Amino acid sequence: MFRLQHIVHRSQPVLHRMKSINSYLWQDARLKTQGPPVQSGLKRFSTAEAPVEAGDPSRMRERTLTMETLNPQVKAVEYAVRGPIVIKAGDLERRLQQGVKQPFTEVIKANIGDAHAMGQQPITFLRQVVALCCFPELLDSPAFPDDAKQRAKRILQDCGGQSLGSYSASQGVECIRQDIADYITRRDQGVLSDWNNIYLTTGASDGIMSILKLLVSGQGSSRTGVMIPIPQYPLYSAAISELGAVQINYYLDEANCWALDVEELQRAYLTAKQHCQPRVLCIINPGNPTGRMHLCQVQSKKCIEEVLHFAYEENLFVMADEVYQDNVYSSDCQFHSFKKVLCEMGPEYFNNVELASFHSTSKGYTGECGFRGGYMEVLNMDPQVKAQLVKLLSVRLCPPVSGQAAMNVIVNPPKVHEPSYAQFTKEKSSVLDALAHKARLTEQILNSVPGIKCNPVQGAMYAFPQIFIPPRAIQEAQSLSIAPDMLYCLKLLEETGICVVPGSGFGQREGTYHFRMTILPSPGKLEVLLEKMKEFHLRFLEEYSQQEQQITITNQDHHRQMSKQPD
C-alpha cells in the first residue's frame, strides 16, 4: 500500500502537466471553430449526443453496408416459405387483433410445416425426458416415469458438469450419437451404422449447409453444380445461391405422380456439364413439397438403384434428405433409406458412393421444430476431408444440447417392457393416423374442384396441387410483375385468410402453376380450409372468365361497328 501511494504521489506532476497540455489544445481548438464548445475526453463520443447531431445531413458519414456493398450472394437468396405472402399474412393477423374488419375471422397459416403451431400436441415422453434434463431436480419427483428418468440420467452423465447448459463435443453428445447409430441399424434391418459417422446438427438444415460448404468450389465452368429436384424445398436453392454454386434442375414427372426418372437426371447432368461441374445429387424422400414417396412397395427398388448407379457412374456425392421418414401414409408405401438400398447393391457401391443422409426432430410424429435438433450420417468420406468437416462444425461450437436430447428420444423411444410404452405408442399412432386421414381428405376435396388437380399425398405433410389460372389473370400478374400463382395466393389470402405458398417459390415446369399447403391443421379446421379454398377457386375462375367474355363481346361489338362504317 505504501509503495502504491508513493507511485501515485510521484506521478502527480506528470498528470498535472498532461492536463495543462490537454486544456491548451482544447482551448486552441475552440478558438478555431465558431460552433458550440467541443466537449473533451470520452464524453464527446457519447451515443447520447448522436440524436442531436443526426439531423445535419452534412455530418452523416456514408454507410459501410448498403444494398450496393451487400454480398451479392445474399441478395440472390430467396426463401418462399417465409416470403412476401407470409409477411402479408402477419400484417392481416395484426389488423384482426386491432379490430380491423376483414372478410374472415382468422388467418390460417398453411404455409409451413410447423406442427405445434397448428395445434398438434407434444409427445409426452419426449417432453418428460427433456424437462428432466433441463431441471434435474425433477429426477426425485414421482410424477415422472422411471424410463424417462433413466434416459435423462444417461444423457446428463455425458454432458459437461452433468448439465444441459454446457457445450457438447462439436459432433454431439457421445451417447446420443451411439443411440442414433443403433436406431439406424434397427431401421435398416441390420445394416450396421458406426457412431463415428454420426454428427448432431441444428436441425437438418444445418447439416445440409455444412456438407454443401465442403462440396462447393471452383470458378467458371469448373464451379460446383448441385442437382436438385423440381419442385424442391427452397432451402436448397437458397443455400446454392448463398454459396455461389450452380443450381441444376431435374424435373419430377407430375403426370406420373411426381416420379423420379433417371433419364431426366441424365438430361440435366449432360446439359449442366456444358457450363459447370456437377458434383452433388440431392434427393428428398419422402418428397417436399410433393408428398411423393420415391420408393414404394408397389414399385421395385429398381428406381432407387438406378439413381444410385447413376451417382456412382458420374462420381456424384449423394445427399439424401430423409426428414419425413416417419410420415408415410399410403398403405402401398414403406420407407427405405438410401443407405439400405445402397448396401443391398453390393460392396462395390456401398464402399464407394459418398452419401450423407439427414433426419430431424422437426417433422415425423413429434413436430418439435423449435428444438432445432437433427443429425446426419456420412458414409465413405475421405478421412482428411472428414477432419475438415469436424473443423467446420467446431466453428459453431455445438448444436443446441436440448435439441440433441430431443433427438435422442426419437431414436430411443420407450420399449415394450417400459412404463411409458403404452402412452407413447398411443400418442404416436394418433398423430400419424390423423395425418394419414388428412392426406386423403386433402386429395379428395381438391380433386373435386374444377381447375385443380392434386396427386396423392403419400408422405411428408404437404400437398402441391396444380391450378388452372385463366389468361386474363396471367396478364394481370404480368402487369404487376409477379408470378401468376403469387397473384392467386395473394387473392386467396386477402379474401379467405388462408396462407399458402405459390409453386413458383419451389420451382415448376414452364406454363404450370401450383401452390403448396400443409395438411397439419386439425381435421375440422382443414375441412373448413379446403371448402373455403374450393369456393375461392370457383369465384376466381368466374371473375377472370367473365373478364375474358366481356373483352370478347366488346371486341365483337367493335368489329360490328367498324364494319357498318361507310368507306
Rounded FRET efficiency, nearest 0.05, which uses the C-beta distance separating HIS116 from ASN352 and R0 of 45 Å
0.65
Stretched fully, the stretch from GLU314 through GLN102 gains (0.36 nm per residue minus C-alpha distance, one decimal, in nm) 70.8 nm
Once you have the Cα-Cα distance between SER166 and LYS213, take 0.36 nm times their residue separation minus that, and quote the gain in nm to one decimal.
14.2 nm
Once amide H atoms are placed 1.01 Å from N in the peptide plane, what residues at a sequence separation of 5 or more from HIS514, or on another chain, have their amide H within under 5 Å of its amide H?
ILE467, GLY503, SER504
Once both label points are put 7 Å beyond Cα along the C-beta direction, the GLN334-LEU432 separation in nm becomes 1.3
Across region 321-338, in residue order, what do the Karplus-derived ³J(HN,Hα) couplings come to in whole Hz, using 6.51 cos²θ - 1.76 cosθ + 1.60 with θ = phi - 60° and x for Gly and Pro?
8, 10, 5, 9, 4, 8, 9, 10, 10, 6, 5, 7, 10, 8, 6, 10, 6, 5
Once THR64, THR224 are ranked on solvent-accessible area with the largest value leading and a 1.4 Å probe, the list reads THR64, THR224
What are the ³J(HN,Hα) values, in whole Hz, obtained from phi via the Karplus relation 6.51 cos²θ - 1.76 cosθ + 1.60 with θ = phi - 60°, for each residue of region 184-201 in sequence order, with x given for Gly and Pro?
4, 4, 5, 4, 8, 6, x, 6, 5, 10, 9, 5, 5, 9, 9, 10, 6, 9
Alpha-carbon centroid distance for the pair region 444-479 / region 220-246, whole angstrom
26
Counting only protein heavy atoms and leaving out ligands, DNA and RNA, the solvent-accessible surface of ASP182 at a 1.4 Å probe, in Å² to the nearest 10, equals 80
Counting all Cα-Cα pairs in region 171-291, those more than 26 Å apart amount in percent to 35
Could you pull out every residue, at least 5 positions away or on a different chain, whose amide H is within less than 5 Å of the one on ILE248? Hs are placed 1.01 Å off N in the peptide plane, and Pro or chain starts have none.
VAL226, MET227, ILE228
Heavy-atom accessible area ranking, 1.4 Å probe, most first, across HIS514, HIS417
HIS417, HIS514
Under a point spin-label approximation (7 Å from Cα along Cα-to-Cβ), what is the ALA387-VAL528 distance to one decimal in nm?
6.1
THR271-LEU138 FRET efficiency (beta carbon distance; Förster radius 60 Å; 0.05 resolution)
0.55
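The values are calculated or read from the model by the stated rules, or taken from the named source; none is laboratory data. Note that the structure is a prediction, hence the values are computed from the model and not measured. Here Cβ is always computed from backbone atoms with ideal geometry, including for glycine, and neighbour counts include all displayed protein chains. The accessibility values were calculated without ligands, DNA or RNA, using every heavy atom of the protein model including side chains. Shrake-Rupley method; radii C 1.70, N 1.55, O 1.52, S 1.80 Å.
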